[in-house]
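Below you'll find the structure I mean.
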Amino acid sequence: LDVTEEKFVLDALAGCTEYKSILDVVVNAFYVQDGRYCPISERNLYIVICYLATFQLEEIGLQRFSRIVKSLDTAKMQQFLRFFFNDLYLNTWIKDEWSHFYDSVYVKENWIDPLLRWQPKVQQLIEKLTNKLSNCTTTVKTSRVTQPKEFNLTVPKPRAIPPPSPAPLPALPKRQPVPPSIYKPPKERKQLEEIKTKNIQKAKDLLLKANTNQFRCATIKPEKREFICRIISAVLVLWSQISCEQYLEVVCESVLAQYFEELTKQPQDLIDNIPIKLNTAAILREGALYQRKLEEELKRIENLQQGAGDPSEFLEWQKQMRGKDLEEQLTEIECRRLQGKLSYEEAVLAHQNVIQENKKKADILREEKAELMDLYAEKRLQEQKEMKELVEQVMEGHKNVKQVKAKIQEYKQQIVQQVCEKTGELLRQALEEKEDENRKRYELIQQIRAIESTPNIRHKFVDLTETGGHGLFGEMSIVELRERLALLKEAQKAAEEEKRDQIIHEKQAKEQLILDKLGQISQFRAELGRAAALKQEEKKKSQSGEKPMKDERILNLQKKIVEKTMERKKQAGLL
């Protein structure tokens, strides 16, 4: 391109990029209204024409603008210019949409008013394009089309409806005998009763086990009691000799030292044989729990020294009252279960009565059905006789029609054979022409492929030590780039090694902490187990003489259930 032409193209490209937002408003609206059937690939063409008409029309002049428009597709340019230079559109929605991006006064003075001034001259250009379109219409020769004619064939007479063949008598389905399972109790009921009895026995065993083993962890062994007494005596001596702040410090150190020294005398197998595999969170959580219990125990001892009361009597009374409430709840549950069983027996008796009534109704329905089937059979026999007579009359009238039908069929076959011969010749000629055309096309394709297959060899030497010469900051050659990448990889590897060593040291410290916590937890568990065993033995001794008494309501319900069961079995025997 020349310098002027190159400058014009670059200015147009820069302007289309800068004012893309306002140009998109017009082009999008054109595609929605008048350009619905225009291809989307021509969008950039409309953007350039819109930019030239809005911003460059006064600079390039109408003559040069019209020359650009006429060099393009006439129909598309006529359609777009008529849409864009519409007075109503420019004064209404185009002005409002452009005001969203720029000041409304600036839009009106610099863009809308110049477009309105150029509108009459552009309208003349649009009329020229319209006249050019109307004069370019060419007449297309219409070839004569062969009009087919129908064959003069004899219209066949309508066929008579063939007589229906006499329908066979419907065979009555064989009645199925009543299955014997109706008169037997279902197997599922027995299985449900067995499952129910097993569940009741299992619940009783679990209740007995829970009552015998409750609060096992609260028992204290004699060795633990002696140890606690020694701790209390040591605390009283310290309390009388030192102040409150010194007391708290010494107690925390001495009590913990004596307690863990006493626990270390126990066998070490308890630490090795941990019943449950714990994760890190569980170990830390359990260690914190035992630490909190130890602090609460020390606080309780301190409160006792200061004169606080012992809540053991209240707790014992509370435990007795809860036991009584539990016995009442169990009695109420047993009563409800027995009431449900009694209602079940009554429902079974009612179901047996309904079965007897249904049997009587079924016998009555069977007798009525037999009478209706006899009447239906007599009626079908009478209808068959009438149909046979009608068929004989119709067959006599159709004997002479068969000969005429045979002659018409022969004549039709001759005509069809002649038509088939003519069509075969036409198809053969068309096939030969198509083969010649395909052979010429194949030869042309082979020539094109032979031209394309010739190699185009290009050699270019690449120097990896030279830069690209694009004028960018930090530009480097491929060799320098590889060296820098190698240095970065080495630095990254050294950082990873340092991070790995740090993680290993932290992991070892954490494992040591967890091992210490596990030792403390195993010692606490051993002591709590001994205390629970002592408490369980005392509870068994105190409850050895007690025997549970049954409620009178339960006994009455059990008697009623036995009576209903005997009545149901008698009723089942009668059925």
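Yes or no, residue by residue, for (1) in contact with a Leu (Cβ under 7 Å, 6 or more places away or on another chain); (2) hydrophobic (A, V, I, L, M, F, W, C); (3) closer than 22 Å to ASN110 by Cβ:
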| position | (1), (2), (3) |
| --- | --- |
| PHE8 | no, yes, yes |
| GLY15 | no, no, yes |
| GLU18 | no, no, yes |
| LEU23 | no, yes, yes |
| GLY35 | no, no, no |
| CYS38 | no, yes, no |
| LEU52 | no, yes, yes |
| PHE55 | no, yes, yes |
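I'd like the full set of residues that are more than 22 Å from GLN119 (Cβ to Cβ) and either at pLDDT below 85 or surrounded by 12 or more Cβ atoms within 10 Å (Cβ to Cβ) (or both), limited to the range 32-54.
ARG36, TYR37, CYS38, GLU42, ARG43
Taking the criterion of being at pLDDT 85 or above, buried (at least 19 other Cβ atoms within 10 Å of the Cβ) and assigned to a loop (DSSP other than H, G, I, E, B), would at least one residue in the range 65-88 satisfy it?
Yes, the conditions are met somewhere in the range 65-88.
Tell me the residue from ARG484, ARG458 that is among the basic types (Lys, Arg) and modelled with pLDDT under 90, please.
None of the others qualify; the one that does is ARG458.
Right, something else. ALA532: of a type outside the set (Asp, Glu), in a helix (DSSP H, G or I), at pLDDT below 80 and open to solvent by less than 60 Å² (accessible area, probe 1.4 Å), yes or no?
Numbers: of a type outside the set (Asp, Glu): yes; in a helix (DSSP H, G or I): yes; at pLDDT below 80: no; open to solvent by less than 60 Å² (accessible area, probe 1.4 Å): yes.
Here the answer is no, as ALA532 does not meet what is asked.
Just one of (1) modelled with pLDDT of 85 or more; (2) more than 24 Å from ASN131 (Cα to Cα); (3) open to solvent by 70 Å² or more (accessible area, probe 1.4 Å) trips up TRP93, so point out which.
Failed condition: (3).
Another question about this same structure. Please verify whether the range 345-367 includes one or more residues that are part of a helix (DSSP H, G or I), over 30 Å from LYS570 (Cα atoms) and open to solvent by 90 Å² or more (accessible area, probe 1.4 Å). Walk me through it before giving the result.
Step one: of the range 345-367, the residues part of a helix (DSSP H, G or I) are 345-367.
Next, only the ones that are over 30 Å from LYS570 (Cα atoms) stay: 367.
Remaining after also requiring open to solvent by 90 Å² or more (accessible area, probe 1.4 Å): 367.
Yes, the range 345-367 contains at least one residue that is part of a helix (DSSP H, G or I), over 30 Å from LYS570 (Cα atoms) and open to solvent by 90 Å² or more (accessible area, probe 1.4 Å).
The values are calculated or read from the model by the stated rules, or taken from the named source; none is laboratory data. Bear in mind that the values here come from a model prediction, so they are computed numbers and not experimental data. All Cβ positions, glycine included, derive from the backbone under ideal geometry; neighbour counts span all protein chains shown. Each accessible area value is taken on the protein alone, full model and side chains, heavy atoms only, with ligands, DNA and RNA left out. Shrake-Rupley method; radii C 1.70, N 1.55, O 1.52, S 1.80 Å.
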